[in-house]
Ligand SMILES: Nc1ncnc2c1ncn2[C@@H]1O[C@H](COP(=O)(O)OP(=O)(O)OP(=O)(O)O)[C@@H](O)[C@H]1O
Ligand SMILES: [Mg+2]
């Protein structure tokens, strides 16, 4: 199956913005007899590209070729033979037959409003990104040996998918990322999509169920359908603990049904057969029940970084910055308990503080000050605003004060 990434096309032709601009200067060659997927964010010109191929639009320059034949030279009324267009982002829950039937009305009474509505519904459920839209790369993440091992295994499994199918090994390609907030779970999943050049489908489980009570189970099905149609791709399900929480609690029957649908859909999807790599993530592994755990064939732990990792993370995130007398090991020493995300925040504060003094070169001292500020902020966050810490609540009070009950070294956040 061929995949055309519209973002790539846009880069090549220097176009952007509206659909119509995307058609100008388009140059596209589609292999004869292929199933071709056009991938890109909302509004990047997927539909317009289809319409161009179908002859409803004419590129002002450039060409669209299919199997070596320049379609711009073929009269519009001669183009229909053997072509099936499915704008699946519009009709994700329809059968192929329904899609074709609806697609045939495109030239006539095209219901633009309804189409837009469908796109909006879809986009509320999932966030789809083309790999080249993802800025994170694995190279920018500091991983534990264990994490690297798991990632290598998955890369190999994808590479040798056919062999695995041949020997009947199917229980592969469902990973669960477990760890506290800010330890790089989402970043790693995205970086994987970028580095493996796979579209990234992200869904927050709480989103699926919060808004459409009656339709929750159907929404879950839609998500998996989108992933299958976009395959090969990565399907990232954040907040996986939501599943277990829902099963355990006294929830609405519609939500329970949706969770059962989810578990069944997970069983039915496969890296080997469907080309979909499933990654779940959770901050609360303790809340997952056996039914949720056993769906995943690999559990990848995302611990808070140790001193060595913190120093490496600092090196990575400061790559493009100028810092005098930079000593990442010393900062790592000061930042016990901080996550990668916390360290990023520390750096951001240091940069902004230096900017208030019109400086773009930082010093080691700036970083140390930013760490102290971060600790104070953290203390504030953990503080009981009603009962204690009175000093700190009065302007000029001592936030980091010795008597504070905030526990300045407990950096556990709960998002
Ligand atoms: N090990 C790491 N190496 C480099 N950067 C990291 C690392 N861990 C976290 N970060 C940075 O911290 C930020 C937050 O990370 P991310 O969103 O991936 O965390 P998360 O584990 O998904 O958190 P949450 O559980 O809250 O969703 C990102 O900008 C990421 O680049
Ligand atoms: Mg995350």
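None of the figures in this text is laboratory data; all of them are computed from the coordinates on show. Note that the structure is predicted; figures quoted are calculated from it, not measured. For neighbour counting, all protein chains shown are included, and Cβ atoms are generated from backbone atoms with ideal geometry for every residue, glycine included.
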In nm, spacing of pseudo-spin labels at residue 286 and residue 260 (7 Å Cα→C-beta vector): 3.0 nm
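Can you sort 319, 344 from fewest to most other Cβ atoms within 10 Å of each residue's own Cβ? Present the calculation step by step, with values, prior to reporting the outcome.
Values: 319 7, 344 15.
Ranked by crowding around the Cβ, least crowded first: 319, 344.
Please arrange 321, 345 by how many other C-beta atoms lie within 10 Å of their C-beta, fewest to most.
Details: 321 14, 345 18.
So the ranking, lowest neighbour count to highest, is 321, 345.
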Inter-site label distance for residue 299 and residue 376 at 7 Å from Cα along Cβ, in nm: 4.1 nm
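Given a Förster distance of 56 angstrom, what is the FRET efficiency for residue 358 paired with residue 27, based on the Cβ-Cβ distance and rounded to 0.05?
Details: r = 47 Å, r/R0 = 0.84.
So, using R0 = 56 Å, E works out to roughly 0.75.
If the chain between residue 137 and residue 69 were fully stretched, how many nm would it gain, using 0.36 nm times the residue separation less the Cα-Cα distance? Mind showing how you got there, number by number?
Details: separation 68, 0.36 × 68 = 24.48 nm, distance 3.79 nm.
Residue separation times 0.36 nm, minus the Cα-Cα distance, leaves 20.7 nm.
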Residues 369, 275, sorted so that the one with the fewest Cβ neighbours within 10 Å comes first: 369, 275
q = 0.22 Å⁻¹, the range 264-316: log10 I(q)/I(0) [Debye, one scatterer per Cα]: -0.89
